[in-house]
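Notes follow the structure.
The values are calculated or read from the model by the stated rules, or taken from the named source; none is laboratory data. It should be emphasised that the depicted structure is a prediction, and the values quoted were computed from it without experimental measurement. Neighbour counts are summed over all protein chains in view; Cβ atoms, including those assigned to glycine, are modelled from backbone coordinates with ideal geometry. Calculation scope for accessible area: heavy atoms of the full protein, side chains included, ligands and nucleic acids excluded. Shrake-Rupley method; radii C 1.70, N 1.55, O 1.52, S 1.80 Å.
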Amino acid sequence: MDINMNQEYFPHFSDVRSLVKTLQPNYPVYCVRPKFIQQTAENFISQFAGTVMYAVKCNPHPLVLNALSSGGIKQFDVASQSEIAQIFNTYRTSPHFMHPVKNREAIRIAYFKYGVRYYAVDHLDELEKIVQEIGTDPNVVIVTRVKTPESDSCLYHLAKKFGAEPEEAAKLMQTTEKYGLKAGITFHVGSQCTDPKLYGKALNIVGEVLDYANIEPTCVDVGGGFPAAYPGTKVAPLEKYMLEIKNGLDRINLASSVQILAEPGRALVASGCSLIVQVLLRKSNQLYINDGIFGALSELLDSETVLLSQLIRPDDSVSDELEEFSICGVTCDSTDMIPCNFKLPKDVREGDWIEIDQVGAYSNALSTRFNGFYSKSFACVYDEPMSVCSSKNKNKNKNNFSRQKNKLKQIKEMKEICI
Ligand SMILES: Cc1ncc(COP(=O)(O)O)c(C=O)c1O
């Protein structure tokens, strides 16, 4: 895909119904709501007292990036050489290379070709690797990632894989300064964090590291983790997260020159994109759809996330009565079953379309080509997302998935056995 393609390249529709009527797609279509994403970015930026970088890995699609850019996002957190190239070629800015483990060529290309100056590390060998590859430019900022405790309030923990223990983090920052480089500090509380206090606790750890290292950092980066308001999830308002961060930073008492950064992914884009799928077959109350766990819906497998759905039939002749349907994904794999039921009109049939809400985060970004299925169809739509309509109680043909806890447990166990 040409990453420079602009918005005009994609079809635009006033709403998802007109998209379905016009395209009648027999392939899954991601419906991006640029205005909604733009407003979400504006809102986040207006509340965060620092620079908001977008975590590109969450959804790197050009429509999403452009909407965020229109909303004021000008800095990006990237994980790989190809994300660096995408951001630099599109926005002529050097992103922050925040993956704590990088290959040597990527480091060289990031520095010499794309002018990247911020690099995350969580181990001395990674710091030395960077110094060996690019030398000791005093404009380079080595951002040490410190471990924060795992919490049940996050859906995905990152601390098992990344982050130096506080004492080790302090030593890394000292070594960074000994090399003549600038030292920054970062953490990631875990994705879909529903407890704002975790940011305050993480900032207390940052304070301890800075005291121990006796260093005034160049930047403090509070990472990502901010939640999306999925149905059934208790999500505190963004203001509470910002207050925790503000109070946490005040406790550390940083110089005014210290840059404050955040790297949200999910919170900026999850609700700004839905997915249209088509029913391929109905067997009693089991529906086979044309996407699934190996495609846009992989997050549903690991998490307890529930999403809103609605049936779309262009002639609108659908029953008012709802029933529960289990959903099978498109591949031949037996794990490709959505671990929650959809409540849909009881006369749902082959050929109907279903819109699934809030799939903007870690959907297309994680999609595989398993069994030869892969959707690259994107369109812009301008109606309100279902999650917004539902909070206003507008649409009756729309329901929460009901979670099949046992099925979820079984699938998790199967996955563990396979691994
Ligand atoms: C370094 C880093 N920053 C930011 C993010 C974005 O996190 P989230 O989507 O939870 O906001 C991630 C996600 O894995 C990450 O690894």
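For the reader, a short list of remarks on this structure follows.
- Within the range 205-229, if we keep just the residues that are in contact with a Pro (Cβ under 6 Å, 6 or more places away or on another chain) and open to solvent by 10 Å² or more (accessible area, probe 1.4 Å), the residue that is farthest from Thr51 (Cα to Cα) turns out to be Glu208.
- In summary, Lys160 fulfils each of the numbered conditions (1) touching a residue at least 24 places away in the same chain (Cβ under 8 Å); (2) closer than 21 Å to Arg266 by Cβ; (3) among the basic types (Lys, Arg) with the single exception of condition (1).
- Filtered residue count, the range 197-218, keeping only those that are over 15 Å from Asp250 (Cβ atoms) and within 14 Å of the ligand (Cβ to nearest atom): 1
- The range 26-51 - residue that is open to solvent by less than 10 Å² (accessible area, probe 1.4 Å) and either within 16 Å of the ligand (Cβ to nearest atom) or β-branched (Val, Ile, Thr) (or both) and, of those, farthest from Thr186 (Cα to Cα): Val29
- Counting only residues that are over 18 Å from the mean Cα position of the chain (by Cα) and touching a residue at least 40 places away in the same chain (Cβ under 8 Å), the range 36-47 holds 1 of them.
- The range 176-196, subset in contact with a helix residue (DSSP H, G or I) (Cβ under 7 Å, 6 or more places away or on another chain) and more than 18 Å from Arg117 (Cβ to Cβ), residue farthest from the ligand (Cβ to nearest atom): Pro196
- Top-ranked residue in the range 80-121 [being within 12 Å of the ligand (Cβ to nearest atom), under 25 Å from Glu42 (Cβ atoms) and assigned to a loop (DSSP other than H, G, I, E, B); ranked as farthest from the chain's Cα centre (by Cα)]: Pro95
- Scan of the range 52-84 for residues that are under 17 Å from Gly115 (Cβ atoms) and open to solvent by 20 Å² or more (accessible area, probe 1.4 Å), ordered by number: Lys74, Gln75, Ser80, Gln81, Ser82, Glu83
- Residue selected from the range 151-187 under the condition open to solvent by 60 Å² or more (accessible area, probe 1.4 Å) and in contact with a Leu (Cβ under 9 Å, 6 or more places away or on another chain), by the criterion farthest from Asp211 (Cα to Cα): Tyr179
- Residue satisfying all of: in the range 132-190; closer than 27 Å to Ala228 by Cα and charged (D, E, K, R); modelled with the lowest pLDDT among these: Lys160
- Single residue of the range 122-134 satisfying the filter (open to solvent by 30 Å² or more (accessible area, probe 1.4 Å) and not hydrophobic (A, V, I, L, M, F, W, C)) that is nearest to the ligand (Cβ to nearest atom): His123
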